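Data block below; observations after.
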Amino acid sequence: MKINNILLIGVLVLTITSCNNEGSNKPESSTEKNEVKTEEMPYNESIQNVFFGVPFGATCEEACEILSQNFWFDKTSTKDRLSLSSKYGDRISFGGKTWDHSDLNFSNNKFYEIRFYQTFKTKESAMSEYNSLYSVISQKYNMKTVQESDTTKYGAAYGITKTNQQVKVQCYSYESVGHERWIGVFLRYTDLNFKGISEEL
């Protein structure tokens with residue numbers, strides 16, 4: 001009888017120990033998965049979504065009415081893209097920095113992206129500004145750098161939200177309309193909820 005009780009207790013102890021070991025493994029593996037996912041997808045609670053008084057989703061007409069108080073629209077502007085020039089100087093101020101250019105992009109007459117950029121002739125000057133910009137943006141948003149295989153792209157980093165909004169910092173070389181080679185440093189805010197939407201019923 002005593003031997004049976006001892007055996008029964010032994011079996012119970014082994015069963016409980018086995019269950020506890022299995023249970024402790026699950027949170028570790030799920031935590032590791034979450035850490036990897038977070039690292040791969042640098043989520044932010046939110047990003048900026050109103051620029052110079054214009055919110056994402058505004059129509060081109062609404063944006064023009066608001067922006068015309070402080071900006072001129074470049075002659076290259078269309079219903080899909082407004083190119084801005086400041087009424088108060090040669091360059092545009094935003095985020096404590098000055099920019100050579102800024103464009104607002106529209107999809108089906110909905111504002112979905114703004115782009116700020118500066119142009120440089122040398123890679124060294126451009127990368128210096130890119131690193132400075134990345135340092136500022138990464139203090140505000142959770143960003144992930146991207147390794148580019150394209151040799152004309154010198155730097156890229158992005159942050160996203162779970163509601164399909166994103167912020168990007170980029171540095172790459174491009175050819176202008178006049179066939180000059182420039183290196184641009186770009187800051188983009190995009191709301192993909194308004195990109196490619198259809199107004200058809």
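Pick out the one residue from 125, 83, 93 that is assigned to a helix (DSSP H, G or I) and of a type in the set (Ser, Thr, Tyr).
Selected residue: 125, the only one of 125, 83, 93 that is assigned to a helix (DSSP H, G or I) and of a type in the set (Ser, Thr, Tyr).
For residues in segment 110-141 being surrounded by fewer than 16 Cβ atoms within 10 Å (Cβ to Cβ) and of a type outside the set (Ser, Thr, Tyr), which is nearest to residue 45 (Cα to Cα)?
Filtering first and then ranking leaves 140.
Only residues in segment 48-68 that are surrounded by fewer than 16 Cβ atoms within 10 Å (Cβ to Cβ) count as the first member; pair them with residues that are part of a helix (DSSP H, G or I), Cβ under 8 angstrom, at least 6 apart or cross-chain, and list the lot.
53/66; 53/67
Got a number for residues in segment 137-196 being in a loop (DSSP other than H, G, I, E, B), in contact (Cβ under 8 Å) with a residue 60 or more places away in the chain and small (Gly, Ala, Ser)?
Summing the residues that are in a loop (DSSP other than H, G, I, E, B), in contact (Cβ under 8 Å) with a residue 60 or more places away in the chain and small (Gly, Ala, Ser) in segment 137-196 gives 1.
Taking into account only those residues within segment 106-154 that are of a type in the set (Gly, Ala, Ser) and more than 20 Å from residue 93 (Cα to Cα), which is modelled with the highest pLDDT?
Only one residue tops the list, namely 107.
The values are calculated or read from the model by the stated rules, or taken from the named source; none is laboratory data. Computed from a predicted structure; not experimentally measured. Backbone-built Cβ (ideal geometry, glycine too); neighbour counts: all protein chains shown.
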